[in-house]
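Visitor: Here it is, the structure, as structure tokens.
The values are calculated or read from the model by the stated rules, or taken from the named source; none is laboratory data. Owing to the predicted nature of the structure, the values given are computational and were not obtained by experimental measurement. Glycine gets a Cβ as well: all are built from the backbone with ideal geometry, and neighbour counts include every protein chain shown.
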Amino acid sequence: MGKVLKMLADGLTRALEIAMVLCMLVMLVMVFGNVMLRLFFNTGIDLSEEVPRFAFVWLTFLGAIVGMRKRAHLGVDLMVQMMPLAGRRVCWGLSQAIMLLCCVYIVYGTWLQHDIIAGNASPVAQLSMLWVYGVSYFTGAAIGFICLSNLVRLVLGKVADDELIDVQEEGMEEAREAEHAMQEQTPSQARSQGGRA
């Protein structure tokens, strides 16, 4: 069952990444195309003023889900690094619970504004703004589900120790391995490598 859920989560993450690429493509093509039209033909496409902004909103909200799934959001681990394992588990559980609460507020807040958002239309495309800002329903629910599943895993003892620090330092693991390999070398090997360099 766990493998099936992981495959579904990986597939959804991949679909979101594709949607993000499409949003970026829409932004690039429409903005660049509009600039070229204004520069060379003294005209433009009215929709290119609105659609890239809407694509940027979707890109941001979908990116938040992907970032949460890949543990890529920014964080500060100064205090957590100094804590014992039990303290790290408590802090990690608290952070997941707080994020879950925030997600509930995102979905609830969007629900409170639902009629106002749905009643407003964009000036050019006359598109209901629910198609733009309604993405917060999906983002709040998706991140909330990730946090809830993390809390369940924590209670069941299925959270690995390296997950307890949510800060991902890109390239740091490779640097640590290289440093460890250098420390294991004999002095003659280090001198010969230094001579080749």
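Visitor: Quick check on segment 82-120: of everything there that is part of a loop (DSSP other than H, G, I, E, B) and either of a type in the set (Gly, Ala, Ser) or within 30 Å of ASP162 (Cβ to Cβ) (or both), which residue is nearest to the chain's Cα centre (by Cα)?
Guide: Applying the filter and picking the extreme gives MET83.
Visitor: Let me ask something else. Looking at segment 143-157, which of the residues that are of a type in the set (Val, Ile, Thr) and surrounded by fewer than 17 Cβ atoms within 10 Å (Cβ to Cβ) is nearest to GLY67 (Cα to Cα)?
Guide: Here the answer is VAL152.
Visitor: In this structure, does ALA86 turn out to be at negative phi and surrounded by 11 or more Cβ atoms within 10 Å (Cβ to Cβ)?
Guide: Numbers: at negative phi: yes; surrounded by 11 or more Cβ atoms within 10 Å (Cβ to Cβ): no.
So ALA86 does not fit the description; no.
Visitor: Still on this structure: Check ALA125 against each of (1) surrounded by 14 or more Cβ atoms within 10 Å (Cβ to Cβ); (2) closer than 29 Å to ASP10 by Cβ; (3) at pLDDT below 90 and name the one condition it does not meet.
Guide: For ALA125, the failing item is (2).
Visitor: Quick one: which residue in CYS102, CYS91 is surrounded by 12 or more Cβ atoms within 10 Å (Cβ to Cβ) and either touching a Cys at 6+ places or on another chain (Cβ under 9 Å) or at pLDDT 90 or above (or both)? So that I can check it myself, show each step before the final result.
Guide: Details: CYS91 fails: either touching a Cys at 6+ places or on another chain (Cβ under 9 Å) or at pLDDT 90 or above (or both).
Result: CYS102 is the single residue among CYS102, CYS91 that is surrounded by 12 or more Cβ atoms within 10 Å (Cβ to Cβ) and either touching a Cys at 6+ places or on another chain (Cβ under 9 Å) or at pLDDT 90 or above (or both).
Visitor: Take segment 36-61 and flag every residue that is in contact with a Gly (Cβ under 6 Å, 6 or more places away or on another chain) and basic (Lys, Arg).
Guide: ARG38
Visitor: Go through the residues of segment 138-147 one by one and say whether even a single one is in a helix (DSSP H, G or I), farther than 29 Å from TRP92 by Cβ and at pLDDT below 95.
Guide: No, that holds for no residue.
Visitor: Report whether or not SER136 is touching a residue at least 12 places away in the same chain (Cβ under 8 Å), surrounded by fewer than 18 Cβ atoms within 10 Å (Cβ to Cβ) and either more than 15 Å from ALA64 (Cβ to Cβ) or touching a helix residue (DSSP H, G or I) at 6+ places or on another chain (Cβ under 7 Å) (or both).
Guide: No; evaluated as a whole, the condition is false for this residue.
Visitor: Pairs, please: C-beta under 9 Å, at least 6 apart or cross-chain, first residue within 11 Å of PRO52 (Cα to Cα) and free of Cβ contacts under 8 Å to residues at least 40 places away in the same chain and in segment 8-33, second of a type in the set (A, V, I, L, M) and not in a helix (DSSP H, G or I)?
Guide: MET30/ILE45
Visitor: Take segment 30-47 and flag every residue that is loosely packed, with under 13 Cβ neighbours inside 10 Å and part of a helix (DSSP H, G or I).
Guide: Correct list: PHE32, VAL35, MET36, LEU39, PHE40, PHE41.
Visitor: Those residues that are farther than 16 Å from VAL159 by Cα and either touching an Asp or Glu at 6+ places or on another chain (Cβ under 6 Å) or of a type in the set (A, V, I, L, M, F, W, C) (or both), I need them from segment 81-105; list them, please.
Guide: Passing the criteria: MET82, MET83, ILE98, MET99, LEU100, LEU101, CYS102, CYS103, VAL104.
Visitor: Here's another thing I want to ask about it. Identify, from the list VAL76, VAL124, the residue that is in contact (Cβ under 8 Å) with a residue 12 or more places away in the chain and within 23 Å of the chain's Cα centre (by Cα).
Guide: Just a single option satisfies the conditions, and that option is VAL76.
Visitor: Residues of segment 1-21 being surrounded by 10 or more Cβ atoms within 10 Å (Cβ to Cβ), more than 16 Å from the chain's Cα centre (by Cα) and not charged (D, E, K, R), which ones?
Guide: Across segment 1-21, the qualifying residues are LEU5, MET7, LEU8.
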